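Below is one structure; the comments refer to it alone.
The values are calculated or read from the model by the stated rules, or taken from the named source; none is laboratory data. In this text, all values refer to a predicted model and were calculated from it rather than measured experimentally. Methodologically, a virtual Cβ is constructed for each residue, glycine included, from the backbone with ideal geometry; neighbour enumeration extends over all protein chains shown. Accessible surface is based on the protein model in full, side chains and every heavy atom, while ligands, DNA and RNA are left aside. Shrake-Rupley method; radii C 1.70, N 1.55, O 1.52, S 1.80 Å.
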Amino acid sequence: MTKKTQWDRVVKLTHWLVASLFLINYFITEDGSTLHQWVGYSAVGAVVLRLLWGCVAKPPARLTSFLPSVPKAIGHLKEVYQTRVDDHHGHNPAGAIMIWCMWIGLIAIGISGYLMETDRFWGEDWVKEIHEAAVNLTFVCVCVHVGAVVLMTRITGHPYLQNMLPGEREK
C-alpha cells in the first residue's frame, strides 16, 4: 500500500495558484498586455513564495526533501514498473525533476518577460525567443506532469491529485 502525503496549505495554495495563473496567461490573456504582465508577475511571486516556504517548512514540503536526481528518477520508474508501488512520502524522484523543471521554467518566463519591457532589452528578438521557448517548454512540462499524475494514479493507486486538493485528508 502506498503512503498518503499530507501537503500543507501553503503547498496546495501555491500549486493551484501557479497552475491557474500559468494557464490563464497561456490560453486567455493577450500577450504583452498589462493583465498578462501582472498575471505573470503574480505567478512568479507564488513560485518564490513556495521556494521560500520550502526553505523553512517540514518535509515533505521542504526543498531538500526532493532534490532532483536523474539516476534516482530512473531507478524509481523501474521500481514502479516492476512493483506497481510508489512508496515515497511527498514527491517521488521523477516528480521532483518535473517540479524543479517547471519552477525553473516559470522563473525564466518571468525574468525574460520583465526584460522584454525594459529600455535595455525592448525589441530584442533573442529575449522574446527565450521567453517563448521557456513558455513552451514549461507548457510541455505541465502536460507531462498532468499525464504522469494520471498514469501513476492508475498504475499505483496512489491518490496524487486527491492529496493536492483543498481540505484535510485522512492519514
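Of the residues in region 43-50, at least one is of a type outside the set (Val, Ile, Thr) and farther than 26 Å from residue 93 by Cβ.
Residue by residue through region 59-88, note down the ones that are open to solvent by 50 Å² or more (accessible area, probe 1.4 Å), without any contact (Cβ under 8 Å) to a residue 24 or more places away in the chain and under 24 Å from residue 16 (Cβ atoms). Scanning region 59-88 gives 62, 64.
Checked against (1) outside any loop (DSSP other than H, G, I, E, B); (2) under 21 Å from residue 159 (Cα atoms), residue 101 passes all but condition (2). Does residue 147 qualify as being more than 19 Å from residue 47 (Cα to Cα), without any contact (Cβ under 8 Å) to a residue 24 or more places away in the chain and outside any helix (DSSP H, G or I)? No: the conditions fail for residue 147.
Quick one: which of 110, 90 is out of contact with any His (no Cβ under 9 Å at 6 or more places or on another chain), farther than 17 Å from residue 147 by Cβ and part of a loop (DSSP other than H, G, I, E, B)?
Details: 110 fails: part of a loop (DSSP other than H, G, I, E, B).
Answer to the selection: 90.
Determine whether region 1-12 contains at least one residue that is farther than 16 Å from residue 95 by Cα, among the β-branched types (Val, Ile, Thr), at pLDDT 95 or above and in a helix (DSSP H, G or I). Among the residues of region 1-12, at least one is farther than 16 Å from residue 95 by Cα, among the β-branched types (Val, Ile, Thr), at pLDDT 95 or above and in a helix (DSSP H, G or I), which makes the answer yes.
Scanning region 7-22 for residues that are more than 11 Å from the chain's Cα centre (by Cα) and open to solvent by 50 Å² or more (accessible area, probe 1.4 Å) yields 9, 13, 20. Among the candidates 109, 130, the residue that is touching a helix residue (DSSP H, G or I) at 6+ places or on another chain (Cβ under 9 Å), touching a residue at least 60 places away in the same chain (Cβ under 8 Å) and crowded, with 18+ Cβ neighbours inside 10 Å is uniquely 109.
Quick one: is residue 121 open to solvent by 30 Å² or more (accessible area, probe 1.4 Å), assigned to a helix (DSSP H, G or I) and of a type in the set (Phe, Trp, Tyr)? No; evaluated as a whole, the condition is false for this residue.
For residues in region 23-58 being among the small types (Gly, Ala, Ser) and part of a loop (DSSP other than H, G, I, E, B), which is least open to solvent (accessible area, probe 1.4 Å)? Before the answer, list the steps.
Initial filter on region 23-58 (among the small types (Gly, Ala, Ser)): 32-33, 40, 42-43, 45-46, 54, 57.
In the following step, the residues that additionally are part of a loop (DSSP other than H, G, I, E, B) were identified as 32-33, 57.
On the way: 32: 47, 33: 32, 57: 4 Å².
Restricting to residues being among the small types (Gly, Ala, Ser) and part of a loop (DSSP other than H, G, I, E, B), the top hit is 57.
The residues of region 143-171 that are surrounded by 11 or more Cβ atoms within 10 Å (Cβ to Cβ) and within 21 Å of residue 9 (Cα to Cα), listed by number, are 145, 146, 149, 158, 159, 160, 161, 162, 163, 164, 165, 169.
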